[in-house]
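The values are calculated or read from the model by the stated rules, or taken from the named source; none is laboratory data. Because the structure is a prediction, the values reported are computed rather than measured. In this analysis, Cβ positions are derived from the backbone assuming ideal geometry, glycine residues included, and neighbour counts consider all displayed protein chains. We work out accessible area using only protein heavy atoms, side chains counted, and drop any ligands, DNA or RNA first. Shrake-Rupley method; radii C 1.70, N 1.55, O 1.52, S 1.80 Å.
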Amino acid sequence: MTSKPQAETQRGIRDRRIFYRWLWLVYAPLVLGFLAVLVFASGAMPGFLALPFVALLALDAVSIRLVVERRRRKIPLRVPPTLLIGVGATVVAVLAGAFLAWMGIDRLSSATGPPLLVAGGFLMLAAAFAPGFKLLDLAMRVTARTFLRISGDRRPGPSPTARRPQPRPRKAA
């Protein structure tokens, strides 16, 4: 691999990491804060969630400040194309599920109605749990890498970093 494609790949990986950090550490708390304010305003929030609610609002204030500062400095945040494909596929699954469920409810008294309703509900539930499955996949990969890294250090003998370079064989004169 030449240096230019390798640099492009490294830049893409860095941009993707930056985007997902912003997504989970800035934008997700903003959405959660908005939902928490709605629950608080409705009066349905339990009293034991008062301290986490205040902490979430403080994190939201920091998040808003970060977003404003990033926009003021005109720093672009590149959205990975794989995210757009994933969100698009999820939207298509939800719309297809809603359509199938609607068709199933319309024909509930016939023999084709209940299977359509079940298929539509399955598509919508699968789309609802897709982000959780992605987080589970990520957690399992990180755990597996950690275990492999730990178990690799337990081998008998010198560690791979402590090996001495082997001398090159001399050419006969």
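Accessible surface of Ile18, taken over heavy atoms with a 1.4 Å probe and every protein chain present, rounds to 60 Å².
Would you calculate a helix-derived [θ] at 222 nm for the chain, using -39,500 (n - 2.57) for each DSSP H run of n ≥ 4 and dividing by the full residue count, to the nearest 500?
Values: 5 runs with 124 residues, N = 173.
Rounded to the nearest 500, it is -25500 deg cm²/dmol.
Looking at the chain, the accessible area is 83 square angstrom per residue; that uses a 1.4 Å probe and ignores ligands, DNA and RNA.
Relative to the current alpha-carbon distance between Glu8 and Val87, full extension at 0.36 nm per residue lengthens the span by 26.0 nm.
About its Cα centre, the chain has a charge dipole of approximately 1780 debye under the convention of +1 per Lys or Arg Cβ and -1 per Asp or Glu Cβ, with nothing else charged. The slack in the chain from Leu35 to Thr112, taken as 0.36 nm per residue of separation less the alpha-carbon distance, amounts to 23.9 nm.
Here the extension length gained between Val68 and Thr146 equals 24.4 nm, from 0.36 nm per residue of separation less the Cα-Cα distance. Out of these labelled values of P(r) over Cα pairs in 5 Å bins from 0, in percent, [x] 2, 5, 4, 4, 4, 4, 4, 4, 3, 3, 3, 3, 3, 3, 3, 3, 3, 3, 3, 2, 3, 2, 2, 2, 2, 2, 2, 2, 2, 2, 2, 1, 1, 1, 1, 1, 1, 1, 1, 1, 1, 1, 0, 0, 0, 0, 0, 0; [y] 1, 7, 12, 14, 14, 15, 13, 10, 7, 4, 3, 1, 0; [z] 1, 6, 7, 9, 10, 12, 13, 11, 8, 7, 5, 3, 2, 2, 1, 1, 0, 0, 0, which was calculated from the coordinates shown here? Working out P(r) over Cα pairs in 5 Å bins from 0, in percent from the coordinates points to [z]. Atom-type composition of the exposed protein surface of the chain places 70 percent of the accessible area on carbon and sulfur (1.4 angstrom probe). Converting phi to 3J(HN,Hα) with the Karplus coefficients 6.51, -1.76 and 1.60 and the offset θ = phi - 60°, segment 25-40 yields 9, 10, 6, 4, x, 5, 5, 4, x, 4, 5, 5, 5, 5, 5, 5 Hz in sequence order, with x at every glycine or proline.
Label reach from Leu95 (point 7 Å along Cα→C-beta): in segment 110-126, amide nitrogens under 19 Å belong to 120-126. Taking Cα centroids, how far is segment 1-36 from segment 48-77 in Å? Cα centroid to Cα centroid, the span is 17 Å.
Less than 5 angstrom separates the built amide H of Val79 from none of the residues sequence-distant by 5 or more or on a different chain.
Using a cutoff of 8 angstrom between alpha carbon atoms and counting only pairs six or more residues apart, the relative contact order for the chain works out to 15 percent.
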